[in-house]
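Trainee: Next up is a structure, given as structure tokens.
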Amino acid sequence: MTKDETKQAVLDIIADIAPDEDISNLKGDIRLRDQMQLDSMDFLDIVMELRKRHNIEVPEADYPNLATLDSCAEYLTPKFAALGK
Amino acid sequence: MNTAHHYDVAIIGAGMAGLAAGIRLAHFGKKVCIFERHNAVGGLNSFYSIDGRKYDVGLHAMTNFVRPGVKGTPLGKLLRQLRIDRDEFALCEQKRSRIAFGPRGETSLTFTNDFTVFESEVAAKFPSQIDGFRRLIALIKTYDDVSLGAVPESARAVVRRHVTDPLLEDMLFCPVMYYGSATEHDMEFGQFVIMFKALFLEGFARPFDGVRVILRVLLEKYRETGGERRMKCGVQKIISREGRASALLLDDGSEVTATHVISTIGAPETERLLPGSSLSALSSQPAPSGALSYCETITVLDRQPAALGWGEDTIVFFNDSEKFTYAASEQQVDIRSGVICLPNNFDFGPGRELPEGLFRCTCLASYDQWAPLPEDVYRADKTRWYADIQRSALRFLPPLPSPATLAAATIATDMFTPRTITRFTGHAGGAIYGSPVKLRDGRTALSNLYLAGTDQGFLGIVGAMLSGISMANFHVLQPKT
């Protein structure tokens with residue numbers, strides 16, 4: 001999976017958990033919570049959906065890596081690769 | 001041992017909280033079962049049929065309504081967490097509601113889902129109070145009402161710092177208390193803030209077909225996510241071992257085990273399933289039952305309320321006395337104050353109206369005086385109080401051409417009492433809003449038993465669903481640190 005594909009996987013999750021948000025123009029380097037109304041319950045859901053859909057575990061200590069789309073791509077792409085994706 | 005079944009999570013009660021918790025947990029792959037003693041889901045917010053006619057119980061209006069695009073509110077959180085599209089609830093907004101005080105409702109404050117209407121009403125009727133009222137609103141808007149560790153404070157004391165006219169104070173408390181307070185006379189300020197936002201800063205709405213639309217959506221989601229439920233099969237005992245709920249003894253005599261147990265049936269009601277032990281982890285005192293119960297009259301009309309001149313009001317909160325008393329009723333029913341609901345008066349869209357007129361009145365009532373009555377006396381008293389409640393409420397609606405008008409338009413009636421509430425919901429003392437003591441973090445004396453719903457302390461039907469969601473997240477889904 002490329003970094004862009006990883007970003008798309010995260011965007012797909014956000015589109016499902018927050019269908020009332022406009023995700024078409026999200027900036028990669030700005031914190032997601034500064035561009036959308038996402039609270040801690042929504043971040044829990046991003047983590048839970050990564051596990052459910054992609055078998056990817058994000059330990060709580062690593063949650064800061066999910067702050068922006070760019071950091072998601074950096075952090076998650078090797079995890080996808082490790083699973084052969 | 002016949003413990004054939006093990007669940008990741010067993011949920012006691014298929015009301016709003018139990019269904020919402022179940023959806024969350026099943027969505028994330030937990031093996032979940034909801035155990036419900038009654039044959040219908042919904043708990044305190046359900047419906048029933050008599051003579052082919054469906055009646056809602058509980059729901060006058062769904063509070064917490066916000067329009068699409070308003071973010072960061074309980075309704076939005078609920079929809080996101082349960083993956084529900086807001087169109088599925090198809091909510092229709094109220095027309096307007098009123099708080100009417102005085103023997104004939106002489107002082108009246110109108111409000112709608114647009115808060116500026118309420119604010120200008122307060123400015124017009126209580127000009128000396130408007131600055132304080134605005135300060136109170138600013139405080140409410142910034143108050144952290146979802147903190148699980150807030151220090152309890154008297155709502156009356158906080159409100160009096162800003163609102164000095166006792167009439168306005170009582171008029172603000174009346175709707176907030178009637179729609180959610182389990183405590184008499186006063187309430188905790190955090191609870192007041194939650195209800196004030198739900199009623200006034202957010203608003204009222206309902207699906208065209210009432211509460212059963214919401215229940216249908218929840219049930220469908222729960223089924224899709226793979227959750228199980230057992231109806232007409234309550235839990236008669238929680239078997240504890242070494243500080244844990246080790247098994248549940250069901251009404252049919254079988255046992256199941258579960259890694260986690262979420263009880264939504266109330267604190268004193270859960271405690272009764274635990275013989276010999278106290279529910280609260282913090283106190284050895286038994287969980288107190290609530291003292292506040294209600295009667296409601298339901299009158300079915302052969303015409304829309306508008307045909308009687310009652311086309312404007314959705315909900316009317318009324319009080320005829322100098323002071324508003326929110327306390328356990330000293331008589332069978334306290335008809336001095338109450339709530340009128342005209343479910344036809346939501347904006348269902350052009351040309352769309354409920355097939356029959358409905359006129360509902362709710363008053364405080366005494367469980368202790370209704371519960372022990374022999375059946376014939378109970379029936380006779382219902383008839384008598386039905387007339388008294390209706391007569392009291394009529395003082396606060398536009399006058400009818402003649403006293404016989406309403407009787408001529410009436411095609412069916414029903415009434416519930418505190419005894420009905422206990423019979424169908426299992427709530428001790430007919431206490432719809434549960435125990436005055438709330439366990440905000442849901443923890444109990446047993447490490448894997450958590451409380452959600454009414455006695456966890458989020459109020460209203462949106463609150464009940466959020467309670468189920470929060471407790472499922474907090475105790476089961478979130479990683480433990």
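Trainee: Do we find that residue B:352 is under 20 Å from residue B:98 (Cα atoms), in the same structural domain as residue B:172 (by TED's automatic domain parsing) and among the basic types (Lys, Arg) in this structure?
Mentor: Here the answer is no, as residue B:352 does not meet what is asked.
Trainee: Give B:405, B:413, B:425 a once-over and let me know the one that is surrounded by 22 or more Cβ atoms within 10 Å (Cβ to Cβ) and in contact (Cβ under 8 Å) with a residue 24 or more places away in the chain.
Mentor: B:425
Trainee: Here's a follow-up. What single numbered condition from (1) under 22 Å from the mean Cα position of the chain (by Cα); (2) surrounded by fewer than 22 Cβ atoms within 10 Å (Cβ to Cβ) fails to hold for residue B:266?
Mentor: Single failed check for residue B:266: (2).
Trainee: Restricting the search to the range B:301-344, which residues are under 22 Å from residue B:412 (Cβ atoms) and among the hydroxyl-bearing types (Ser, Thr, Tyr)?
Mentor: Passing the criteria: only B:314.
Trainee: Can I ask one more? Consider residue B:97 carefully, then state whether it is in the same structural domain as residue B:344 (by TED's automatic domain parsing) and on the phi < 0 side of the Ramachandran plot.
Mentor: yes
Trainee: If you don't mind, another one. Count, please, the residues in the range B:157-185 that happen to be under 22 Å from the mean Cα position of the chain (by Cα) and either in the same structural domain as residue B:45 (by TED's automatic domain parsing) or surrounded by 17 or more Cβ atoms within 10 Å (Cβ to Cβ) (or both).
Mentor: So in the range B:157-185, the residues under 22 Å from the mean Cα position of the chain (by Cα) come out as B:170-185.
Still in the list and also either in the same structural domain as residue B:45 (by TED's automatic domain parsing) or surrounded by 17 or more Cβ atoms within 10 Å (Cβ to Cβ) (or both): B:170-183.
Number of matching residues: 14.
Trainee: If we keep just the residues of the range B:69-91 that are basic (Lys, Arg), free of Cβ contacts under 8 Å to residues at least 40 places away in the same chain and in a helix (DSSP H, G or I), which is nearest to the other protein chains (Cβ to nearest Cβ)? Show your work before the answer.
Mentor: From the range B:69-91, those basic (Lys, Arg) are B:71, B:77, B:80, B:83, B:86; that's our starting set.
Now restrict to residues that are free of Cβ contacts under 8 Å to residues at least 40 places away in the same chain: B:71, B:80, B:86.
Those still in the list that are in a helix (DSSP H, G or I) too: B:80, B:86.
On the way: B:80: 6, B:86: 8 Å.
Selected residue: B:80.
Trainee: Go through the range B:449-471 and give me each residue that's in a helix (DSSP H, G or I), more than 11 Å from every other protein chain (Cβ to nearest Cβ) and closer than 16 Å to residue B:261 by Cα.
Mentor: Within the range B:449-471, B:467, B:468, B:471 meet the criteria.
Trainee: Let me ask you something else. Of all the helices (runs of 4 or more DSSP H) wholly in chain A, which have at least 3 residues that are under 24 Å from residue B:474 (Cβ atoms), within 14 Å of chain B (Cβ to nearest Cβ) and in contact with a Phe, Trp or Tyr (Cβ under 8 Å, 6 or more places away or on another chain)?
Mentor: A:40-54
Trainee: Next question. Could you tell me whether residue B:66 is touching a Ser or Thr at 6+ places or on another chain (Cβ under 9 Å), in a loop (DSSP other than H, G, I, E, B) and either among the β-branched types (Val, Ile, Thr) or within 14 Å of chain A (Cβ to nearest Cβ) (or both)?
Mentor: yes
Trainee: Continuing with this model, one more query. I need the strands (runs of 3 or more DSSP E) fully contained in the range B:179-245, keeping only those with at least 1 residues that are over 25 Å from residue B:92 (Cβ atoms) and without any contact (Cβ under 8 Å) to a residue 60 or more places away in the chain.
Mentor: Where strands (runs of 3 or more DSSP E) fall fully within the range B:179-245 and carry at least 1 residues being over 25 Å from residue B:92 (Cβ atoms) and without any contact (Cβ under 8 Å) to a residue 60 or more places away in the chain, they are B:235-241.
The values are calculated or read from the model by the stated rules, or taken from the named source; none is laboratory data. All of these numbers come straight from a predicted model, not from anything done at the bench. When we count neighbours, we look across all protein chains shown, and the Cβ atoms used for this are built from the backbone with ideal geometry, even at glycine.
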